[in-house]
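Asks: Have a look at this one.
All of the numbers you see were taken from the coordinates with simple rules; none came from a lab. Here the structure is a predicted model, which means the values were calculated and not measured. For neighbour counting, all protein chains shown are included, and Cβ atoms are generated from backbone atoms with ideal geometry for every residue, glycine included.
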Amino acid sequence: MRNAGFFWIMALLMLLVDLYVFQIVKMLCLGSSPRLKSIIMTGYWTVSIAAIIFFLFLPFLNTERWPKNLRNYVFATIIGFFFAKLLASVFFLVDDLRRALQWAVGKIFFRNTEGENQVKDGISRSVFLSWLGIGIGGTLITSLVHGFSNKYNYHIRRIPLTFPNLPQSFRGLKIVQVSDIHSGSFDNRKAVEKGVQMILDLRPDLILFTGDLVNDRTSEMEGYEDLFSRLQAPMGVFSTLGNHDYGDYVRWPDQASREQNIEDLKKLQARMGWRLLMNEHVVLERQGQEIALIGIENWSAKARFPKYGKMWEAYPGTEKYPFKILMSHDPSHWDAEVRPKYGDIDLTLAGHTHGMQFGIEVPGFKWSPVKYVYDQWAGLYEAGNQKLYVNRGYGFIGYPGRVGIMPEITLIELV
């Protein structure tokens, strides 16, 4: 059974937020008819209490056996409502601080005067801030619900990159990067097949997959292995492992079961025709000229993610090649190890962050909460002669949708 203490704390926090938000809802309903008030109050507490009860009983529920769709949408909806209320509470808190300040001013500067009563009488909750909080919270939950429809809304991003040391014969090379497939989250084979066809229609010379094929178990690829086996390119399909591929987030009956899962994943990728690079490099040849492709296991600078990658095994032997591409799942590897120690690696390809599947991207501006955790979290980054590209992910995990940050197929052209 999972740690029940955490879920009790979460349920208590949800109740406190609900009680706080309810005071504002009640105030905003003062002018409504009794019937409308009753509908709003009943609806509010029905949803809130149901969510709290769910969290209280969560340690006793075997949610892994639930239908995938039901599990994903229940969790996403409950968490979405909680964060919507939490966000709204920020505006209510600002209003409460304003009122507290007015009260303090009355007590300190107008004590025992007529002015004290005037200040007290003037301290009312701001209807504007209250509606603003409700509006912002409502916008968030509406966006999350709408985002359910974006989880297979694949976007092709075309990225031309120039490198002065690229051998002449590799100029014009078309590389498709795919990352974070997370097949364990899929619930629509036709939509996934559409994305695979979009990749094939680009006619890439080389396909590179930068980790997280599954959520936890190799068995999650059942029903999708044949689709991804269709990915082929003249120079091959190469892959590496991400943090989820190791099965570290599952309670296996024993260590042997976990290790067998990894072995099964390796065999599956071989059956699909993918060359899995495990702390090693290969040489790519084109018209008599050569470059190096390096692939390492997951290596993260963040403490909660594993460091299985071994650059000291993968890199030696690549020194003689004029151009090098590194596949490394976690983008924090770039600043932590690649740039300081391996300055001649020209292009690093990563994924992992998904852009948090939530954010804003418009021409000239992009933002996601994940930027406060990862310095490089989506798109192209450059430092000196080195470049890093972070793919926003093909699949999804946790929240079954995308808001602002769409699933990505990257076409990199070396020009």
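Asks: Rounded to the nearest 5, what is the percent of antiparallel bridges among the DSSP beta bridges in the chain?
Replies: Restricted to the chain, the bridges split so that about 40 percent are antiparallel.
Asks: Would you mind calculating the gained length between Arg35 and Phe22 on full extension (0.36 nm times residue separation, minus the Cα-Cα distance), in nm to one decimal? Before the final figure, lay out the partial values.
Replies: Details: separation 13, 0.36 × 13 = 4.68 nm, distance 1.74 nm.
Extending this stretch completely gives an extra 2.9 nm.
Asks: On full extension of the chain, what length is gained from Leu15 through Lys310, given 0.36 nm per residue of separation minus the C-alpha to C-alpha distance?
Replies: Roughly 101.5 nm would be gained on extension.
Asks: Moving on. Enumerate by residue number the GluC sites (Glu not before Pro) in the range 199-251 meeting two conditions: DSSP loop (anything except H, G, I, E, B), and at most 14 other Cβ atoms within 10 Å of the site's Cβ.
Replies: Working: sites: Glu220, Glu222, Glu225; in loops: Glu222.
Taking the range 199-251 and a limit of 14 other Cβ atoms within 10 Å, the loop GluC sites (Glu not before Pro) found are Glu222.
Asks: What value does the range 4-148 have for Rg/Rh, both radii from Cα atoms and Rh as Kirkwood defines it?
Replies: 1.10
Asks: Same structure again: Please compute the Kirkwood hydrodynamic radius over the range 221-312, one decimal place, Å, based on all pairs of different Cα atoms. Walk me through the intermediate numbers first.
Replies: Values: mean 1/r = 0.0666 Å⁻¹.
Hydrodynamic radius (Kirkwood, Cα only) of the range 221-312 equals 15.0 Å.
Asks: While we're on this one: Beta carbons within 10 angstrom, averaged per residue: use that to sort the peptides 185-193, 343-351, 319-327, 137-145, highest first.
Replies: Values: 185-193: 14.9, 343-351: 22.7, 319-327: 18.9, 137-145: 16.7.
In decreasing order of mean packing, 185-193, 343-351, 319-327, 137-145 become 343-351, 319-327, 137-145, 185-193.
Asks: Let me ask you something else. Give me the log10 of I(q) over I(0) for the range 173-284 at q = 0.19 Å⁻¹, as the Debye formula computes it from C-alpha points; what are the numbers?
Replies: Log10 of I(q)/I(0), two decimals: -0.99.
Asks: For the chain, what does -39500 (n - 2.57) per DSSP helix run (n ≥ 4), summed and divided by total residues, give at 222 nm, in deg cm²/dmol to the nearest 500?
Replies: Result for the chain, helices only: -13000 deg cm²/dmol.
Asks: I need the per residue convex hull volume for the range 136-178, using only the alpha carbons, in cubic angstrom as a whole number.
Replies: Here the figure is 113 Å³ per residue.
Asks: Turning to a different aspect of this structure: Would you mind putting 356-362, 369-375 in packing order, based on average other-beta-carbon counts within 10 Å, highest first?
Replies: My ranking of the peptides, most packed first, is 356-362, 369-375.
Asks: Using the reciprocal of the averaged 1/r over all distinct C-alpha pairs, how large is the Kirkwood radius of the range 1-66 in Å?
Replies: Hydrodynamic radius (Kirkwood, Cα only) of the range 1-66 equals 13.5 Å.
Asks: Taking loop as defined by DSSP and a crowding limit of 14 other beta carbons within 10 Å, which chymotrypsin sites (Phe, Trp or Tyr not before Pro) in the range 211-267 fit?
Replies: Counting only loop positions with at most 14 other Cβ atoms within 10 Å, the chymotrypsin sites (Phe, Trp or Tyr not before Pro) in the range 211-267 are Tyr249.
Asks: Can you figure out the FRET efficiency of Ser149 with Lys320, using R₀ = 51 Å and their beta-carbon distance, to the nearest 0.05? Provide the component values of the computation, followed by the final result.
Replies: Details: r = 50 Å, r/R0 = 0.98.
The value I calculate is 0.55.
Asks: So for the range 152-414, what percent of the C-alpha to C-alpha distances run longer than 35 Å? Let's see the in-between values first.
Replies: Numbers: 3163 of 34453 pairs.
It works out to 9 percent of all Cα pairs.
Asks: Which ordering of Ile397, Ile262 is given by a fewest-first count of other beta-carbon atoms within 10 Å?
Replies: Ranking Ile397, Ile262 by Cβ neighbours within 10 Å, fewest first, gives Ile262, Ile397.
Asks: Work out the FRET efficiency for Trp252 and Asn385 from their Cβ-Cβ distance, taking R0 = 41 Å, and round it to the nearest 0.05. If you can, show how the numbers build up before the last one.
Replies: Numbers: r = 44 Å, r/R0 = 1.06.
So, using R0 = 41 Å, E works out to roughly 0.40.
Asks: Taking the Cα centre of the chain as origin, work out the dipole magnitude from +1 charges on Lys and Arg Cβ and -1 charges on Asp and Glu Cβ, in debye rounded to 20.
Replies: It comes to approximately 1180 debye.
Asks: Jot down the per residue volume, in cubic angstrom and as a whole number, of the convex hull over the alpha-carbon atoms of the range 272-415.
Replies: Looking at the range 272-415, the number lands at 142 Å³ per residue.
Asks: Give me the net charge for the shell around Arg230: Cβ to Cβ below 15 angstrom, other residues only, Lys and Arg +1, Asp and Glu -1. Provide the component values of the computation, followed by the final result.
Replies: On the way: positive: Arg189, Lys190, Lys194, Arg203, Arg271; negative: Glu193, Asp201, Glu225, Asp226.
Net of charged neighbours comes to +1.
Asks: Pop a pseudo-label 7 angstrom from the Cα along the beta-carbon direction at both Arg65 and Arg171 and give the gap in nm to one decimal.
Replies: Between Arg65 and Arg171, the simple spin-label model gives 6.3 nm.
Asks: Going down the table (Lys302/Lys371; Lys307/Lys341; Lys174/Lys194; Lys68/Lys307; Lys341/Lys387; Lys324/Lys366), which pairs top 18 Å between alpha carbons?
Replies: Beyond 18 Å between Cα atoms: Lys174/Lys194; Lys68/Lys307; Lys324/Lys366.
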